Amino acid sequence: MKLIEFSTRRRVTVTMFVAAAVLFGMVAFQRLSINLLPDITYPTLTVRTEYEGTAPSEMERLITEPIEGSVGVVNGVIRVTSASRPGISDVVVEFAWGTDMDFASLDIREKLDQVRLPQDVRKPVLLRFDPSLDPIMRVGLYGEESLISLRLLAEEEIKPELESLEGVASVRVNGGLEEEIQVEIDQPKLAALRIPLAQVVNRLAQENVNLTGGELKDGEAEYLVRTFNEFKTIEEIQDIVVGQRQGTVITLADVGLVTRGHRERTVITRIDQQESVELAIYKEGDANTVTVAQAVKEAIAQFRRTSGDLLGNSRMEVVSDQSTFIRDSVSEVLNTAILGGFLAIIVLYLFLQSPKSTGIISVSIPISVVATFFLMYASDVSLNIMSLGGLALGIGMLVDNSIVVLESVQRYQDRGLSPREATNKGGSEVGQAVVASTMTTICVFVPIVFVEGIAGQLFRDQALTVTYSLVASLLVALTVIPMLASLEFSWIGEFAAVEKRKKESGHKGGVEGPARIMGLLGTVAGWIGRGILSCLAPLFWIFDRVIGRAYLIYPHIIRWALKHRLAVIGLAIALLGGTATLGNRLGSELIPEMSQGEFSISVEMPLGSPLAATTQSIQAIERIVRSQPEVRLVYSIVGTQSASGGSGGEERENVGEVNVVLHEGIIRDREIAVMDRLRLMILEIPAVDTKFTRPSLFSSRTPIEVEVAGYNLQSLQTIAGEMMARMQTIPGLTDIKTTSEGGTPEVQIRFDRKRVAQMGTTINAIGEIIRNQVQGEVATQFTRGDRRVDIRVRAEEEHRSTVDDLRRLIISPNNAPSPVPLSVVADLQVEMGPAEIRRIDQERVALISANLVGRSLSAVVADLEREIDRMELPADFAIKVGGQNEEQQRSFESMQLAIGLAIFLVYLVMASQFESLVHPFVIMFAIPFALVGVFAMLLMTGQTISVVVLIGLIMLAGIVVNNAIVLIDYINTLRRDEGMPKMEAIAEGGKVRLRPILMTTSTTVLGLLPMALGIFNFQPLVRSIEGVLDDILSGQAFIAVMTVVGMIFPVGQGAEIRAPMAITVIGGLVVSTLVTLVLIPTLYSLTDRKE
């Protein structure tokens, strides 16, 4: 092969290329952005429309239905769902994966502009679901200072400082008390004076203005004319004239009271059972989460040092920080890759027991990895758990090509050829096979472009990094390895040897430079290595005995297999048949849920519950949660539930959320146990409905969603109730909730149209009066410095607190002969309306959602479908299972297509390599037998089939054939070049290729082992040791014990979505290797029968 000959001839040139690759890779590594996940474009848009004070049924008719009909015709829309709640309409538009969401947003906005909505409706807002849009950090202020003071401090001091930081997009302040100037009107007095409330509002707005009067020229002077009439004090507001009565001026003070207070509370934030003010920090789209979070922490520390007096006796604490999990996850993957590479090098030495050979092959790992960083930077791939997972996944395979090349070179050196001749001949002999085996591994990632759903978006970065690293390792195997193998040097005493050759030849060139460098490194490595090898001597002795026995036994096995081919094939078929049985015992899920050491408890009270009642229930839950020794921090929000993926939160007084942060070192199983324990304890709190969730990263839908479709709301509620009762009997389902539960108490006003007309007014005008009475209206704003404070006008509390107050509301116009209360022209009834109305594809549904505990998604869905089949439904009603099950089906279908295409591409590459249609077909038998190992490993480790496992299967299709390619290629070489008979060539080829096959398999398996176990995050380990000592000294024995358990059985951050892939590859590769060594030669012997 010309490339190998070039590398042995132009050693300095190769060295310079390697140096350049390493240098550019190191520079690129420092500039790569760090994120938790790849940049995933979620194909979901939410159209949110607010119409304050409107019941769900009216929201559905006036808002939801027109919007659904408009956006449903946009190109690429596959599903439209909606929820109509009191005052809020959410229409969720789902597009096909791969849709350009920027253009989709423009299309949706264009359609929304054409929708005719009521005039007083707020403009619809377009929201996108994207977990990267969630706050990267939440900071809480709490303590002895007043909540108004803390809110002002957050808004005026801390928020501007944080927003000035590079990478911070915005800071949102929640909780505390927002200042408001309140004008409370004495409604009976105002009615007696025949002054409408709207007139008061208008007078305030008209008087609180600064206007320009233009320019005035007085001789040579020129003046700007301005009026200064904005309110400066509350007294000015009280003196505003709101009307006249019989020549007497009526001021605002005559009919109302002006006070400085706070807005009516809609959201309350709490930290460790104390009310607080929260600052949610959002980063810019392309900013580095870890860097921005670090800058925020430094700014907070600086604020404490320079402006700590502003805090007084209060505290400022970071309650949530995404960067910690991201940093630990990325660190864990890097450490996993390093450990995998170290294990691969150890197994290399066990086989080779030669420092020189082991060192030469080991060079391929760091060079390939560092070069990959440059390619990642060039293709805009960030450092995330998937891209680095691709590196860790391929770390053991990076040496495979080098092993094959160097092993072939050493065989020719053993025959007496010089290093350079042996390198050229041995490297060229396996060069094409190495290229083909690498191409089979790389080409399987091409079908990823056809994978729909979250899988295609999630694994793109991983496919690229594996491809980049394998291409780099191939170039290293064909250039660097031959260059080093052709050098005549030993690891010890290389300086003396080089100097001796220089003196003898008089050569003064630089071609011996690489040898001098390697000699120096080898000398140091030799000293260190001797100490390590003396400690590992027993391991070497055991390994030599085992592998020596394998070398002796294998030739007998292969000869027996060639003589009993039917028996071997029969055993293989039986083994393959057993695979189906194993597969049926495995469950399935979309993507394994990641444990981040925290979870949230969504709380919902009966509809109509006031904020105070919800707060009491949240406080009760906080006390229960805080009593658990595993819990480090509790922060809560009352009046809303956190908006996932930037989709915006819904504010309701009867909802809340308790966020639970656990101590470091708490393992996943312990976290699940804590959640189960809390579920049981919270059941004792009356009238509280809870749902436990972990941070959502891959889907906006719950694992289980049962959709009951029909028009009649009462019937929907009945059928949904029956379905819920059946679901409660199915093992593995928890947190079961339905959207049709309960109802919203409504004061329904039905007008007498004739009386309204006789009175000389309209229903719309009366509606405005009612709205101002109950809800009030912001008339204008009071300016103080840079702050603008709302001035709200409404009736006094005592005149708007009951339904009877509403009946007595004066609604007659000014020219009416006498005041007329609302009860004269309308009938007021208190009834229960629907809590919310859900629709899917413009059809009403009741949605029943549930979480999974202890069972796979597929097993639970099977039980659900059996229960649905047993139900008797009216003709116009239907039930089906949705949720993540639908996403899983779409992803699995596209993954099956990708696997089929990957296998086809592997066959194409091999057919091109062998110029044969039969030999590649023989090699392909290694793929189905890999499933035996895959299913066995998944069962033993308790894993389910997910898109992560299916990606592992795609990789296996390209990996398991590599050993067979090298084996068959060498057998063909023996038959073609040396004229060896077929059976003898098969036996000889198997014996010669046994060592490189075992080496490549062992390095790949051991390289993946840390990832499969999800272990060895060294930095948290060090922190855990320090924490254990502190806990023991402080008497916190339980936390100390749990931390020790976490150290002994640690699970790396984010390992849940990497470990199944590594387990899949390990299981499949081990079994396929055995198949390659026995079955593939047996099947090969059945080809070329004409001989």
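A few notes on this one:
- Residues listed by number, segment 240-280, amide nitrogen under 14 Å from Val789 label point at 7 Å toward C-beta: 258-264
- Per-pair calculated FRET efficiency, R0 = 25 Å: Gln842 and Glu110 via Cβ, rounded to 0.05: 0.80
- Potential lengthening between Leu216 and Asn584 on full extension [0.36 nm per residue; Cα-Cα distance subtracted]: 123.4 nm
- Dividing the summed -39500 (n - 2.57) terms of all DSSP H runs of n ≥ 4 by the residue count of the chain sets its mean residue ellipticity at 222 nm at -17500 deg cm²/dmol.
- Counted residue by residue at 0.36 nm each, then reduced by the alpha carbon distance between them, the extension gain from Asp286 to Arg545 reaches 87.7 nm.
- The label point for Arg31 and the one for Lys123, both projected 7 Å from the Cα toward the Cβ, are 3.9 nm apart.
- Residue ranges 259-272, 758-771, 374-387 sort as 374-387, 259-272, 758-771 when ordered by packing (mean number of other C-beta atoms within 10 Å per residue, highest first).
- Stretchable slack from Thr259 to Ala620, in nm (0.36 nm times residue separation minus alpha-carbon distance): 126.6 nm
- Residues Lys2, Lys425, sorted so that the one with the fewest Cβ neighbours within 10 Å comes first: Lys2, Lys425
- Distance-filtered residues of segment 25-61 - backbone nitrogen under 17 Å, label point 7 angstrom along Glu831 Cα→Cβ: 54-61
- Which of Asp90, Asp676, Asp39 has the fewest Cβ neighbours within 10 Å, and the rest in rising order: Asp676, Asp39, Asp90
- Anisotropy class of the chain from Cα gyration tensor, a/c 1.5 cut: prolate
- Where labels lie 7 Å past Cα in the beta-carbon direction, separation of Gln273 and Gln628 in nm: 1.6
- Each label point was placed 7 Å from the Cα along the Cα-to-Cβ direction; for Leu576 and Ala537 their separation is 5.0 nm.
- R0 of 60 Å, Cβ-Cβ distance Ser858-Leu224: FRET efficiency to nearest 0.05: 0.20
- Peptide packing for 944-953, 561-570, 745-754 was compared via the average number of neighbouring C-beta atoms within 10 Å per residue; ordered from the highest value, the list is 944-953, 561-570, 745-754.
- Zone residues, segment 990-1014, relative to Ile346, backbone N less than 12 Å from point 7 Å out along Cα-to-Cβ: 1006-1007, 1009-1010
- FRET E, pair Ile557, Val918, Förster distance 25 Å, beta-carbon r, rounded to 0.05: 0.55
- Links that overshoot a 24 Å alpha carbon limit, given the list Lys159/Lys283; Lys563/Lys991; Lys283/Lys737; Lys691/Lys880; Lys425/Lys991: Lys283/Lys737
- Packing order of peptides 981-988, 910-917, highest average first: 981-988, 910-917 (average count of other Cβ atoms within 10 Å over each peptide's residues).
- Taking Ser812, Ser437, Ser818 and counting other C-beta atoms within 10 Å, the order from fewest to most: Ser818, Ser812, Ser437
- Size check on segment 597-694: the Cα extents along the three principal axes, sorted descending, read 40, 33, 17 Å.
Read-outs: derived from the displayed coordinates by stated rules, not from any lab. This is a predicted model, so every value here is computed, not measured. No Cβ is skipped: glycine too gets one built from the backbone with ideal geometry, and neighbour counts run over all protein chains shown.
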